[in-house]
Each structure stands twice: as C-alpha cells, then as structure tokens.
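Reading through the structure tokens given below for one structure.
The values are calculated or read from the model by the stated rules, or taken from the named source; none is laboratory data. Predicted model, so just to flag it, every value in this text is computed and none were measured. Positions of Cβ are backbone-derived with ideal geometry, glycine not excepted, and every protein chain shown enters the neighbour counts. Please note that ligands, DNA and RNA were not included when accessible areas were found on the heavy atoms of the full protein model with its side chains. Shrake-Rupley method; radii C 1.70, N 1.55, O 1.52, S 1.80 Å.
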Amino acid sequence: VQLQASGGGLVQAGGSLRLSCAASGRTFSSNTMGWFRQAPGKEREFVAAIRWSGGSTYYADSVKGRFTISRDNAKNTVYLQMNSLKPEDTAVYHCAASSYGTIYSPPREYDYWGQGTQVTVSS
C-alpha cells in the first residue's frame, strides 16, 4: 500500500485546512486508516482514525469537535478536515494504514505510512 498525503500549508489561528491521503496498491489489505502528527522535538501523536468498512471513527481529545476524519471508498482516499486550528496543531501530519488494527490502535500497529504534510498555524 502506498500513501500520498497532501493539503498542508500555512494558516492563521482559527482557520481551516483539509488534508487528503490517497491510497494505492493493495488497498484491500488495510482495514483502518489513521492520521498522526509530530511536532519538532515531540513524539508522534495520534490524531484520528477511521475504518474503511462502516466508517467508525475515533479522535484524540485534543482535536475532538474541531477535526473530522472521513473516507471515500471509491477513491481510496481519506480526509482530515481541520477547523478552528490552533498554533499547537502545528506539526507534520502523516497518514497511515493498518492491516489488522482497529481505530484504537497505537502507531506500532500501522503497517504503511505516507511521507507527511506540514501544517503550520500562526498566532
């Protein structure tokens, strides 16, 4: 499975961005997609996850109510709509695919990772 993330950029606090993650290859081998982020000097942090089948979702408390994860099965693409952005949301955002994990899985249970897209929120 190959993952291509896009949509990052520079936005002012309170603004919005939508990230996309296009999956290709053996996409049928993954059942869960997740978004993670990593800020400079910090560990990778879970953001949100979604099941391809059924669309169950799960969010980190820090983004709940502001971010929405969704998927388009026909396009093999997962989205992360980010609203009310804060400076602390600044990070490189990575999408990832898990073959056997659940929406609650930690990073180690994800098998495939995209290259990341930078999100910078100015105050």
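Think of each Lys and Arg Cβ as +1 and each Asp and Glu Cβ as -1; about the Cα centre, that makes the dipole of the stretch 1-72 roughly 40 debye.
Local charge for residue 96 was computed over the other residues whose Cβ lies under 14 Å away, with Lys and Arg +1 and Asp and Glu -1, and equals +2.
Label-to-label distance, residue 31 versus residue 102, with points set 7 angstrom from Cα along the beta-carbon direction: 1.0 nm. Take every DSSP beta bridge whose two residues both sit in the chain; close to 90 percent of them are antiparallel. Here the accessible area of the stretch 1-56 is 46 percent carbon and sulfur, with a 1.4 angstrom probe and all protein chains present. Placing +1 on the Cβ of every Lys and Arg and -1 on the Cβ of every Asp and Glu, with nothing else charged, gives the chain a dipole about its Cα centre of roughly 180 debye. Residues in the stretch 34-43 carry Karplus couplings, in order, of x, 10, 10, 9, 9, 8, x, x, 10, 6 Hz; the curve used is 6.51 cos²θ - 1.76 cosθ + 1.60 with θ = phi - 60°, and Gly or Pro positions show x. Rg over Rh for the chain works out to 0.94, using Cα positions for both radii and the Kirkwood form for Rh.
Selection among 17, 114, 103 by position relative to the dipole of the stretch 15-123 gives 17 as farthest towards the positive end (Cβ unit charges, Cα centre).
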